[in-house]
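Taking it in order: structure first as structure tokens, then the write-up.
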Amino acid sequence: MQLEFSAEELQFRDEVRAWIDDAYDDELKTLMAQSKNGYLDKAGQVRWQKKLHARGWAAPNWPREYGGPGWTPAQRYIFQAETAAAGCPTVSPMGLKMVAPVIMKFGTPEQKARFLPPILSSDVWWCQGYSEPNSGSDLASLQMRADHGRDAQGEHYVLNGSKIWTTHAQWADWMFCLVRTGREARRQDGISFVLVDMRTPGITVSPLPTLDGPVPGQQEVNQVFFENVRVPVENRIGEEGMGWTYAKYLLEFERGGSHAPTLRQQLGKVARIAADQPGDGGGTVLDDPAFRRKLAELHLRAAALEAVELRIFSGVASGTSIGAASSMLKLVGTDTLQAISELAVEAAGPDALPFVQDTWAEVQGRPAAPRVGPDYAGPVAPRYFNYRKASIYAGSNEIQRNIIAKLVLGL
Ligand SMILES: Cc1cc2nc3c(=O)[nH]c(=O)nc-3n(C[C@H](O)[C@H](O)[C@H](O)COP(=O)(O)OP(=O)(O)OC[C@H]3O[C@@H](n4cnc5c(N)ncnc54)[C@H](O)[C@@H]3O)c2cc1C
């Protein structure tokens, strides 16, 4: 197992740093400073992702034949660590990291040629239609119907039902969607994986308010309703009834990835806030030994996670499959992320409060209260509320514990 970076890898790191210095410009930094969740509004996201695409770095995980950079696991780790350390925006995963690997592995040559290039260039945006109002953790219970039909334009499915918690559906041109095409005894057998053009008549996207308040341009989750939505059969991936297999393949990509670089970056922010806030004993919050102890504990958790991530990625480099480790990384990474967002609130103290009141002013029909407090405190409370989601999305942390219990402990 090799955990040290080689001279070439360190040179690559310098190349990435130099590119970030140039590409991550002041306009993007200003937008990111107010982001509640690491994403920008759609225009900002597109601008950032197109810069990555122009450099050939939009899709670190894609093989070279589809336009990926052909990086080693170590290069991918370095790239992720450097972009996180610099506080760059999170790349929207639904197209590049989620549906694209499924299309590459199970799609037809026509589907690959049609869908992959505009995902890579960020010209076409995707959303994920897995969860339904009564089907989240128990996803195989999903009910959205896809009935066969035939008309002058050809064979198709007719979709009826609804998907929920659909991230950025309001931005999406397409949805990859799990639908029920059969009523087999084993629920997983009746599921198919279809690609739906979001402009098809019969689709309604309805925003769901979240705890963090209505931050302009940052609407996150939606419910999407389908009423007699026509989807050509050629938009189905793979075989009918095999969608569960493709869906599970995709989840490996959704849960994989490293968290430690982001945690370190967020801890740096907390320390800067604490250094600027007056503490009880005359100094700053950062001078308070109890606060410093909490900060140090979180640094240790991030460092331990980083060591595990490096060990796992070193294994991946020599061909080991990530397996149940993706559940462990998701669990520890998101638990720690939430703990850091809690400590940020403690650091900012009452300065975090005006922003919460402001975001709700419009909904409550009253003029927004003038902001007081330093700018950095603005996103602290929305981030705290927003990150409650981290232990729920991509399979809740209780479900990850179940997976670990089964696959690692054999329970
Ligand atoms: C911010 C956000 C964005 C999301 N984006 C998307 C998206 O883009 N597309 C999409 O399809 N979905 C999305 N989701 C949905 C997400 O995948 C589900 O919320 C998640 O799978 C949990 O399902 P549920 O909400 O129905 O909760 P439930 O499954 O009803 O769970 C409720 C509680 O019970 C616990 N629980 C359930 N079953 C078990 C069990 N067997 N053992 C122990 N505990 C259990 C859960 O951990 C949870 O605490 C998103 C969710 C969030 C919060």
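Suppose we keep just the DSSP beta bridges with both residues in the chain; what percent of those would be antiparallel, to 5? Kindly include the intermediate steps, with their values, before the conclusion.
Working: 31 of 37 bridges.
So the antiparallel bridges amount to about 85 percent of the total.
Magnitude of the Cβ-charge dipole of the stretch 256-407, K/R +1 and D/E -1, about the Cα centre, nearest 20 debye? Each step should come with its number before you reach the end.
Numbers: 16 positive and 15 negative charges, 108 e Å.
Dipole about the Cα centre, nearest 20: 520 debye.
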* Structure fact -> Helix 243-255: inclination vs the chain longest Cα principal axis, degrees, rounded to 10, gives 10
* Structure fact -> Listed by chain and number, the residues whose amide H is under 5 Å from that of MET144, excluding neighbours fewer than 5 places away on the same chain and using placed H, are ARG180
* Let me have the 222 nm mean residue ellipticity of the chain computed from DSSP H runs of 4+ only, each contributing -39500 (n - 2.57), with the sum over all residues rounded to the nearest 500. => -14500 deg cm²/dmol
* **Degrees separating the helix 73-85 axis from the principal Cα axis of the chain, which is the longest one** => 50
* To do: Can you spot the aspartates and glutamates whose alpha carbon is less than 18 Å from LYS42's alpha carbon? Ignore those fewer than 8 places along the same chain.
  => ASP25, ASP26, GLU27, ASP123, ASP173, GLU220
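May I ask you to give the solvent-accessible area per residue for the stretch 93-252, in square angstrom, as obtained with a 1.4 angstrom probe? Walk me through the numbers before you get to the answer.
Working: 6920 Å² over 160 residues.
Value for the stretch 93-252: 43 Å² per residue.
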* To do: For the stretch 256-407, count all C-alpha to C-alpha pairs, find those more than 26 Å apart, and express that count as a whole percent of the total.
  => 38
* Structure fact -> For the chain, the accessible surface attributable to carbon and sulfur atoms (probe 1.4 angstrom, ligands and nucleic acids excluded) amounts in percent to 55
* Structure fact -> Summed over the other residues with a beta carbon less than 12 angstrom from that of VAL196, with K and R at +1 and D and E at -1, the charge totals +2
* Asked: Around HIS53, with a cut-off of 14 angstrom between Cβ atoms, what is the net charge of the other residues, counting Lys and Arg +1 and Asp and Glu -1?
  -> +3
* Among 108-120, 197-209, the order from most to least packed when residues are scored by Cβ within 10 Å on average -> 108-120, 197-209
* Partners for LYS269 among lysines (Cα-Cα distance below 16 Å; same-chain residues under 8 apart left out) -> LYS29, LYS36, LYS294
* Asked: Using a simple charge model, +1 on the beta-carbon of Lys and Arg, -1 on the beta-carbon of Asp and Glu, nothing else, what dipole does the chain show about its Cα centre, in debye to the nearest 20?
  -> 680
* Name the aspartates and glutamates eligible as straight-distance cross-link partners of LYS97: C-alpha to C-alpha under 13 Å, and not fewer than 8 places from it in the same chain. => GLU252, GLU254
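Let me check I have the definition right: for the chain, take the eigenvalues of the Cα gyration tensor, multiply each by 5, take square roots. What are those semi-axes in whole Å, largest first? Before the final figure, lay out each step's value.
Working: eigenvalues 266, 139, 91 Å².
Working through the eigenvalues yields semi-axes of 36, 26, 21 Å.
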* **Selected from PHE106, SER122, PRO289, residue furthest toward positive end of dipole (the chain; charges at beta carbon)** => PHE106
* Asked: Rg to Rh for the stretch 126-241: what is it, with Cα atoms only and Rh by Kirkwood?
  -> 0.99
* To do: Report Rg/Rh for the stretch 27-149, rounded to two decimals, where Rg is the Cα radius of gyration and Rh the Kirkwood radius.
  => 1.02
* For the stretch 172-319, how big is Rg over Rh, using alpha carbon atoms and the Kirkwood form of Rh? -> 1.16
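In Å², what does the accessible area per residue of the stretch 259-339 work out to with a 1.4 Å probe?
Counting only protein heavy atoms, the per-residue value for the stretch 259-339 is 46 Å².
The values are calculated or read from the model by the stated rules, or taken from the named source; none is laboratory data. Note that the structure is predicted; figures quoted are calculated from it, not measured. Cβ coordinates were reconstructed from backbone atoms using ideal geometry, including for glycine residues, and neighbour counts include every protein chain displayed. Just the protein is used for accessible areas: all its heavy atoms, side chains included, with ligands, DNA and RNA removed. Shrake-Rupley method; radii C 1.70, N 1.55, O 1.52, S 1.80 Å.
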